[in-house]
Amino acid sequence: METRIARILSYILHPLLLPTLSFILIGTLPSIFVLGLPVKAQLWLLGMVFTFTFLIPVTGTFMLVQFDRVRSIELKESRERTLPLMITGISYMFLYYLVKDASIPAIYLFFIYGSIIVMVAGMLINLFWKISLHTLAWGAATGALTGISLRFMLDIPLTIACTIILSGLAGFARLKLNAHNPTQVYVGFVVGAAMMLLLILLF
């Protein structure tokens, strides 16, 4: 039963879904972040994010599986992650290129830019060591919200607490499925959180 729950959590809390979830979350933050952005524009932006950060990377990975370039969609081996991560990184960059000139709040662009940096870092680390991409992504989300809270003096402790809990659940799932060891899980979270926190506070 625990293994089944861990597998479900691993899919629900997948890194590729996090950008879409993050953009939905941004819409719930104080109005300074979405001021002047019509509902249609928000839906358009959300559709673009979902397409370029989830649909295209997932489709690309499925194609790699079909052409026997990777064994399974779960990418259990570190060496199997390189091409899917490259596809994902390129797709993220296309997204940034397509929306950077749109009239949208800067916080959205910053999240995309930060996601690209974290993605590239994960890809480079993966060349030498198998880091947990799940906790890397959720650590980045936690660091981003913490940075926003500190920089803009927003009182969102419950939101930050939720991301920490979800990070823990993602880490539990990866450990339960024997996809990573504890060091890979913890380092993933710390690296993701530190990178996004520093990006928001320093730039």
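The values are calculated or read from the model by the stated rules, or taken from the named source; none is laboratory data. This structure is a prediction, so every number in the text was calculated from the model and none was measured. Backbone-built Cβ (ideal geometry, glycine too); neighbour counts: all protein chains shown. Keep in mind that these areas ignore ligands, DNA and RNA; they rest on the heavy atoms of the full protein, side chains included. Shrake-Rupley method; radii C 1.70, N 1.55, O 1.52, S 1.80 Å.
May I ask you to say which residue of 54, 128, 94 is of a type in the set (Phe, Trp, Tyr) and either at pLDDT below 90 or within 28 Å of residue 155 (Cβ to Cβ) (or both)? Exactly one of 54, 128, 94 is of a type in the set (Phe, Trp, Tyr) and either at pLDDT below 90 or within 28 Å of residue 155 (Cβ to Cβ) (or both), namely 128.
On the basis of being open to solvent by less than 60 Å² (accessible area, probe 1.4 Å), on the phi < 0 side of the Ramachandran plot and either among the small types (Gly, Ala, Ser) or under 16 Å from the mean Cα position of the chain (by Cα) (or both), does residue 106 make the cut? When the stated conditions are applied, residue 106 does not pass them.
One line per residue, one yes/no per condition, for (1) out of contact with any Cys (no Cβ under 8 Å at 6 or more places or on another chain); (2) more than 27 Å from residue 8 (Cβ to Cβ); (3) of a type in the set (Gly, Ala, Ser):
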{"site": "114", "(1), (2), (3)": "yes, yes, yes"}
{"site": "143", "(1), (2), (3)": "yes, no, yes"}
{"site": "157", "(1), (2), (3)": "yes, yes, no"}
{"site": "162", "(1), (2), (3)": "yes, no, no"}
{"site": "174", "(1), (2), (3)": "yes, no, no"}
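Taking the options 78, 72, name whichever one is among the small types (Gly, Ala, Ser) and in contact with a Lys or Arg (Cβ under 9 Å, 6 or more places away or on another chain). Show your work before the answer.
On the way: 72 fails: in contact with a Lys or Arg (Cβ under 9 Å, 6 or more places away or on another chain).
The conditions single out 78.
Within the range 165-187, if we keep just the residues that are without any contact (Cβ under 8 Å) to a residue 60 or more places away in the chain and either polar (S, T, N, Q) or closer than 15 Å to residue 126 by Cβ (or both), the residue that is most open to solvent (accessible area, probe 1.4 Å) turns out to be 178.
Select from the range 1-17 the residues that are closer than 15 Å to residue 75 by Cβ, open to solvent by 50 Å² or more (accessible area, probe 1.4 Å), in a helix (DSSP H, G or I) and not hydroxyl-bearing (Ser, Thr, Tyr) and list them in ascending order. Break it down into steps so the answer makes sense when it comes.
Step one: list which residues in the range 1-17 are closer than 15 Å to residue 75 by Cβ, which gives 7, 10-11, 14-16.
Checking the rest, the ones that are also open to solvent by 50 Å² or more (accessible area, probe 1.4 Å) come to 7, 11, 14.
Still in the running and in a helix (DSSP H, G or I): 7, 11.
Hit for the range 1-17 is 7, nothing else.
Among all residues of the range 111-130, there is none that is exposed (fewer than 15 other Cβ atoms within 10 Å of the Cβ), farther than 27 Å from residue 73 by Cβ and over 14 Å from the mean Cα position of the chain (by Cα). Considering the range 134-150, and only residues there that are aliphatic (A, V, I, L, M) and open to solvent by less than 40 Å² (accessible area, probe 1.4 Å), the residue that is modelled with the lowest pLDDT turns out to be 148.
Just to check your reading of the model, which residue among 53, 59, 20 is of a type in the set (Ser, Thr, Tyr) and either in contact with a Gly (Cβ under 6 Å, 6 or more places away or on another chain) or open to solvent by 50 Å² or more (accessible area, probe 1.4 Å) (or both)?
Numbers: 53 fails: either in contact with a Gly (Cβ under 6 Å, 6 or more places away or on another chain) or open to solvent by 50 Å² or more (accessible area, probe 1.4 Å) (or both); 20 fails: either in contact with a Gly (Cβ under 6 Å, 6 or more places away or on another chain) or open to solvent by 50 Å² or more (accessible area, probe 1.4 Å) (or both).
Going through 53, 59, 20 in turn, the sole match is 59.
Here residue 167 meets each of (1) under 13 Å from residue 141 (Cβ atoms); (2) touching a Lys or Arg at 6+ places or on another chain (Cβ under 8 Å) with one exception, condition (2). I need a count of the residues in the range 27-43 that are surrounded by fewer than 15 Cβ atoms within 10 Å (Cβ to Cβ), within 19 Å of residue 112 (Cβ to Cβ) and modelled with pLDDT of 80 or more. Selection size over the range 27-43: 2. Of the helices (runs of 4 or more DSSP H) lying entirely inside the range 34-102, the ones with 1 or more residues being under 27 Å from residue 175 (Cβ atoms) and touching a residue at least 24 places away in the same chain (Cβ under 8 Å) are found at 56-66, 82-99.
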